[in-house]
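In what follows, a single structure is set out as structure tokens and then discussed.
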Amino acid sequence: QSALTQPASVSGSPGQSITISCTGTSGDIGGYNYVSWYQQHPGKAPKLMIYDVSNRPSGVSNRFSGSKSGNTASLTISGLQADDEADYYCSSYINSITLGFGGGTKLTVL
Amino acid sequence: QVQLQESGPGLVRPSETLSLTCTVSGGSISSHYWSWIRQPPGKGLEWIGNLYNSGSTNRNPSLKSRVTISVDTSENQLTLKLSSVTAADTAVYYCASGSVATSGYYGMDVWGQGTTVTVSS
């Protein structure tokens, strides 16, 4: 049972935009601006795409953006490319626990 | 650029203690915060615990009684010990790190390649 709730899968065509949601509670996403997003290709280690809700690490494409509204965080990928096909995980600080992950979302580029 | 490399036994017997090492190169272990994260086969990520440069640790409550995280600054190594393992502890184990300057307060922008641990008799 993951601490945060993500859709199991999303899909989009090349060039389109997609959004992946991550729903928590006031004790995690809603209470802190410490949401991160990770991209994981099969057999590879996760890669940080967004931290502190909406900040991109150096080297990450500006096609990736993050936001938050209430207890739900979102990752938006614009101008979808074939290489964006991967699993995406959100994580958030959780009061008194420190960190939790979402169950992951499989992105398929059609 | 900090690089991380996990190492440890690939096979552990049930009820024994799993011990993994994360060797840090290209940076100081004292300037970052550190996490152990695992991923069971075909499943999602599970946070195990954090070690901060202050020396304090936080652990996942579901694993807390079995988890020990420590650091050897002289060797630039982070260690994870997980006791009383069962088949449910079979996973790829990752060492990861972050710093406020590059990944905020809880983001992890450097990951090891992961090491696979199987619990079986």
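Bear in mind that the values in this text are calculations on the coordinates, not laboratory data. Small disclaimer: the values here were computed from a predicted structure and weren't measured. So basically every Cβ, Gly included, is an ideal-geometry build from the backbone, and we count neighbours across all protein chains shown.
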Worksheet item: Per-residue mean of other chain beta-carbon atoms within 10 angstrom of the beta-carbon, peptide A:90-96?
Response: 2
Discussion item. What percentages make up the Cα-Cα pair-distance distribution of the stretch A:11-64 when the bins are 5 Å wide from 0?
Written reply: 4, 15, 21, 23, 22, 10, 4, 0
Item to complete: If a/c stays under 1.5 just call it rounded; otherwise compare a/b with b/c (prolate if a/b is bigger, oblate if not). Do that for chain A, with a ≥ b ≥ c from the square roots of the Cα gyration tensor eigenvalues.
Response: prolate
Worksheet item: If you place +1 on the Cβ of every Lys and Arg, -1 on the Cβ of every Asp and Glu, and leave all else neutral, what size is the dipole of chain A about its Cα centre, to the nearest 20 Debye?
Response: 80 debye
Worksheet, complete the sentence: tail above 21 Å in the computed P(r) of chain B, as % of all Cα-Cα pairs, reads 32 percent
Practice prompt. Might you report the magnitude of the Cβ-based charge dipole of the stretch B:43-121 about its Cα centre, with Lys and Arg at +1 and Asp and Glu at -1, to the nearest 20 debye?
Written response: 260 debye
Practice prompt. Can you tell me the relative contact order of chain A? Whole percent, Cα pairs under 8 Å, sequence separation 6 or more.
Written response: 38 percent
Worksheet, complete the sentence: Lys and Arg at +1, Asp and Glu at -1: neighbours of A:I50 with Cβ under 12 Å from its Cβ sum to +2
Worksheet item: Taking chain B as a Gaussian network, where each spring joins two C-alpha atoms under 10 Å apart, which residue of B:K64, B:K43, B:K81 fluctuates the most?
Response: B:K43
Worksheet entry | Label-to-label distance, nm, for residues given as B:S65 and B:T17 (7 Å Cα→Cβ offset) | 1.7 nm
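Please work out the Kirkwood hydrodynamic radius for the protein assembly as shown, using every pair of different C-alpha atoms, and report it in angstroms with one decimal place. The partial results should precede the final answer.
Values: mean 1/r = 0.0560 Å⁻¹.
Computed over Cα pairs of the protein assembly as shown, the Kirkwood hydrodynamic radius comes out at 17.9 Å.
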Fill in: Rounded to the nearest 20 debye, dipole of the protein assembly as shown from Cβ charges on Lys, Arg, Asp, Glu
260 debye
